[in-house]
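No value in this document is a laboratory result; all are computed from the given coordinates. Being a predicted model, the structure only gives us computed values, none of them experimental. Every residue, glycine among them, receives a Cβ derived from its backbone with ideal geometry; neighbour counts consider all protein chains shown.
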Amino acid sequence: MPPMENWLWIPITIFSGATQIVRNASQKSLTRTAGTLGATFVRFAFGLPFTVIGLAIVLAITALPLPRFDGMFFAWVVGGGMAQLAATALLLASMEHRSFIVSMAYSKTEVLQIAVFSALILGEWVSVYTGIAMALGTAGVLMMSLRPGQLRSGSPRDWFSTVALLGMGSGAGFALSAVCFRGAILETGSPSPWLGAACTLLCAQIVQSLVLGAWLVVRDRRALVEVGRSWKVSLLAGMAGSVSSLGWFTAFGMRNAADVRTLGMIEMVFGYIVSHVYFKEKTTSRELTGILLLAAGLVLLCLQF
């Protein structure tokens, strides 16, 4: 691996986290009119034109031919695409139950689950720092899921609220999709992580757009109408989603998924700012404690970089 790729994935990941906040904020505003699945559809379908442009730019700069795609590549893409689609829908659903920043925090359990998927599926093991971060992150999520008085109730069901289950389910989906997408990018065998990432992203978005689009045509055409009416916001969400995803995928081509998504927790900092400045949402002291525990896990993991 070229020396530059040993560190270039770090700024790429940070940039991806920042642009993902724009996408999440745009999608959240769309859920009020188009619903959860309509807003999810925007991420993929409206991102396609921008991904095509991105692939064209990469091809022009690298002057490399398109890689050959085999059956295993498409298996990785479909698996990752369906997991990401489900994860996005769960994340938006959790935002309907709770604040923007807390919903994001629950989804960040992805970092705590991705190490397991990476080890089981790709055979990529993580360091002891990740194990410690898992404990800190899990404690943080529980702190945010508990309401005042629940610690004293003793009821196991009180440890997980609806928003917590939705968020952690979202995290599992994102973790699985990250591992699958890294598998797809490696399967291309491209010497350029940028090209492998762009090709993988385009194929994934095509699959996701077709599957979710067909579902909406059959079950919820009103959502498609509302998405069209809000085309400006839809384009913003699609563009931000495409740029963000291309960054994530490129980072996956340079570094294992666990490291990339762990550093991606810096998104929480950006999300905290958006939550207070844009959505005017309040965060309780208990929720803030949970966020800080997650941040502590991030700092610990960053020390090994």
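Spin-label model, residue 277/residue 96: points 7 Å from Cα along the beta carbon direction are separated by 2.9 nm.
When the distances between all Cα atoms of segment 169-259 are binned every 10 Å from zero, what whole-number percent does each bin get? With a bin width of 10 Å, the distribution comes to 16, 39, 31, 14, 1.
Sort 117-123, 203-209 by packing, meaning the average of other beta carbons within 10 Å per residue, with the highest value first.
Numbers: 117-123: 15.4, 203-209: 21.6.
In descending order of packing, they fall as 203-209, 117-123.
Computed over neighbours whose Cβ is under 15 Å from that of residue 246, the net charge equals +3, Lys and Arg +1, Asp and Glu -1. Counting other Cβ atoms within 10 Å as a rough exposure proxy, the listed residues 28, 232 run 232, 28 from fewest neighbours to most. Each label point was placed 7 Å from the Cα along the Cα-to-Cβ direction; for residue 60 and residue 120 their separation is 4.4 nm.
Rounded to the nearest 20, the size of the Cβ-charge dipole of segment 170-256 about its Cα centre is 240 debye, with Lys and Arg at +1 and Asp and Glu at -1. The Cβ shell under 12 Å around residue 235 holds other residues with a net charge of +3, Lys and Arg each +1, Asp and Glu each -1.
Using a Förster distance of 51 Å, how high is the FRET efficiency between residue 69 and residue 33, based on the Cβ-Cβ distance and rounded to 0.05? Walk me through the numbers before you get to the answer.
Values: r = 37 Å, r/R0 = 0.73.
In this case the efficiency is close to 0.85.
Electrostatic bookkeeping for residue 20 treats Lys and Arg as +1 and Asp and Glu as -1; over the other residues with beta carbon under 13 Å from its beta carbon, the sum is +3. Taking other Cβ atoms within 10 Å as a rough exposure proxy, 106, 129 sort from fewest to most as 129, 106.
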